[in-house]
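Throughout, read-outs are computed from the coordinates displayed, never taken from laboratory work. On a predicted model such as this, the values are computed, not experimentally measured, just so you know. Cβ placement follows ideal geometry from the backbone for every residue including glycine, while neighbour counts extend to all protein chains displayed.
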């Protein structure tokens, strides 16, 4: 029988989860929004009690939007990050534009390691226990459970049994109806896009953000 080669990551660096996410428990996701309205949406989110805003990197305007937000909210409580970070080039551009956390829909060990080494919180996407554990061992600050609507809060609760040390951020299909259940099941935070910001309507976003913050406060 041949010799077994084991690869073990020892002492991998890991950034901490920012308080805006760990305490606020909500990451608002802005995907393909009109760049002109994004600053107003960010202001409404902050006024409503949501302190983390993720701008996805799937549009040519994303780096400029990130730069605008980071300048405008530099001295505020709003934490601005980048989402849909698909590769290292995306990560570098986002970080240079001022993103203070990175979110991925998948697991890319190169991006996770790069971010962790620089103290940038990185939340790679994973779905299976194997992917989740691999992401954590690589240095993820937390792991984005995606798409969370496919498994529901019970999956988070069951996974907390064998892997209680891994912070999970369910994303994908999270709404005001199931967000409190995900958090009660043990998630550190939830990522919310289409339900919260998808309309691009500032008044509707304010209404939903306030209702969401109140629902989560009650769940605690």
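Observations, loosely collected:
- Extension gain from residue 201 to residue 71, taking 0.36 nm per residue of separation minus the Cα-Cα distance: 44.5 nm
- Relative exposure of 197, 130, 68, judged by other C-beta atoms within 10 Å (fewest first): 130, 68, 197
- Rounded tilt (10° steps) of 62-72 against the dominant C-alpha axis of the chain: 70 degrees
- Packing-based exposure ordering (other Cβ within 10 Å, fewest first) of 87, 75: 75, 87
- What the Cβ-Cβ distance of residue 217 and residue 154 gives, at R0 = 25 Å and to the nearest 0.05, is a FRET efficiency of 0.60.
- Candidates 50, 176, 27, ranked by Gaussian network fluctuation over the chain, Cα under 10 Å, top entry: 176
- At 0.692 mPa s and 37 °C, Stokes D of the chain from Kirkwood alpha-carbon radius, µm² per second: 189 µm²/s
- From least to most packed, judged by other beta carbons within 10 angstrom and beginning with the fewest, 59, 154 follow the order 154, 59.
- Here the simple spin-label model places points 7 Å from the Cα toward Cβ, and for residue 61 and residue 89 these points are separated by 2.2 nm.
- One decimal place: the segment residue 23-residue 40 gains 3.8 nm when fully extended, by the rule 0.36 nm per residue minus the C-alpha distance.
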